[in-house]
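The structure appears right after this line, and notes come after that.
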Amino acid sequence: MTGYVLAGVDGSPESTAAAQWAADEAVRLGLNLWLVHAWTWQDDLNAGRGRPADVRGLTARMLAHTAQAVSRAHPGLTVHTEILDGDEPAASLADAAADAELLVLGSLGLGGFAGLLVGSVGLAVAARCDVPVALVRAARPAAAAGSGAPEVVVGVDPRVPADEVVDFAFRQAASRGAVLRAVHGWTPPPVWGYAGWVAPQLEVDQFRAIEAELLGDALAGWREKYPEVEVVEDSRMGGGAGALVDASGDAVLVVVGRRHRRHPFGLHLGPVAHAVIQHAPAPVVVVPHD
């Protein structure tokens, strides 16, 4: 499989939404769509106990039904299905997506900071996959519909900008005819909070101007590369994760980065990406970068 969009499907409403979202992306990119189910030890256990009698057969039918629903909504789209065998679902999905443009998974949760968005498998895939991973909910809050031009939100650290992440976000905005909101959340010097000391407004304004200028400089080359994309530079005081979540309420997509690395004690997603995955109300794409 090369040049495709891959979606993990398990029959849940979240994965059905992910399949439809993945189909939209496949059509946008002019690629084929693969719908896959990662076989798990629970599937083996249920099959062994005969509850239900033919778990693998039911799984194949579930994939076929999902493919039919996607094809009805997207005539002309080539859709394939496959059951992935392996000991670990996250590894099976990451391996299957090795040549994909995008891996799409369903996500659970209530949104905001009131609930969690995605389970352990989704987090593990997002932390280990070498291609961008999209995490999609079954339904969006009504407020997320917004008005006017759609908006793609991307987190940018202007001191060490990740080219892969910014480029992915610009391409998404261009293909969707969306505004790109580049968010830089910066934190003030720790001394500002010492013993209740409050920084003078002039000093606060100076920091704001410096951080805004850094963000503008980091985006200048990308503006030239994608002149058709309207860009909103959003530099705000506060942590990176909180700034992205706050900015994502009306977004159609949130893009965050994750370094290509393995933590000494296992796979590492990074605190900002982890928090945004858990709490942003919009679909989130995690883009690996060097």
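List of remarks:
- Selected residue (criterion: modelled with the lowest pLDDT) from residues of segment 118-131 that are buried (at least 21 other Cβ atoms within 10 Å of the Cβ) and in a loop (DSSP other than H, G, I, E, B): V118
- Condition broken by L202, with the remaining ones in (1) of a type outside the set (F, W, Y); (2) modelled with pLDDT of 85 or more; (3) part of a helix (DSSP H, G or I) satisfied: (2)
- Counting only residues that are crowded, with 19+ Cβ neighbours inside 10 Å and either among the acidic types (D, E) or modelled with pLDDT under 85 (or both), segment 251-269 holds 1 of them.
- Within this structure, G196 fails the test of being surrounded by 15 or more Cβ atoms within 10 Å (Cβ to Cβ) and modelled with pLDDT under 95.
- Among the residues making up segment 101-110, a single one is part of a loop (DSSP other than H, G, I, E, B) and buried (at least 18 other Cβ atoms within 10 Å of the Cβ): G109.
- R49 being among the basic types (K, R), exposed (fewer than 13 other Cβ atoms within 10 Å of the Cβ), out of contact with any Leu (no Cβ under 9 Å at 6 or more places or on another chain) and modelled with pLDDT under 70: yes
- Subset of segment 12-46 that is closer than 14 Å to E82 by Cα and modelled with pLDDT of 85 or more - its residue that is surrounded by the fewest Cβ atoms within 10 Å (Cβ to Cβ): N32
- Taken over segment 160-174, the criterion of being within 13 Å of the chain's Cα centre (by Cα) and not hydrophobic (A, V, I, L, M, F, W, C) is satisfied by Q172 alone.
- Residue within segment 81-89 that is surrounded by fewer than 22 Cβ atoms within 10 Å (Cβ to Cβ), in contact with a helix residue (DSSP H, G or I) (Cβ under 8 Å, 6 or more places away or on another chain), at pLDDT below 85 and β-branched (V, I, T) present: no
- Among residues of segment 209-259, those that are without any contact (Cβ under 8 Å) to a residue 24 or more places away in the chain, within 19 Å of the chain's Cα centre (by Cα) and not in a helix (DSSP H, G or I), counted: 0
- Each residue in segment 57-80 was checked for being among the aliphatic types (A, V, I, L, M), out of contact with any Ser or Thr (no Cβ under 8 Å at 6 or more places or on another chain) and crowded, with 16+ Cβ neighbours inside 10 Å, and 2 of them qualify.
- Qualifying residue in segment 132-147 (condition: modelled with pLDDT of 80 or more, surrounded by fewer than 20 Cβ atoms within 10 Å (Cβ to Cβ) and assigned to a loop (DSSP other than H, G, I, E, B)): no
The values are calculated or read from the model by the stated rules, or taken from the named source; none is laboratory data. Keep in mind that this is a model prediction, so the values were computed, not measured. Because the Cβ atoms are built from the backbone with ideal geometry, glycine has one as well, and the counts that use them run over all protein chains shown.
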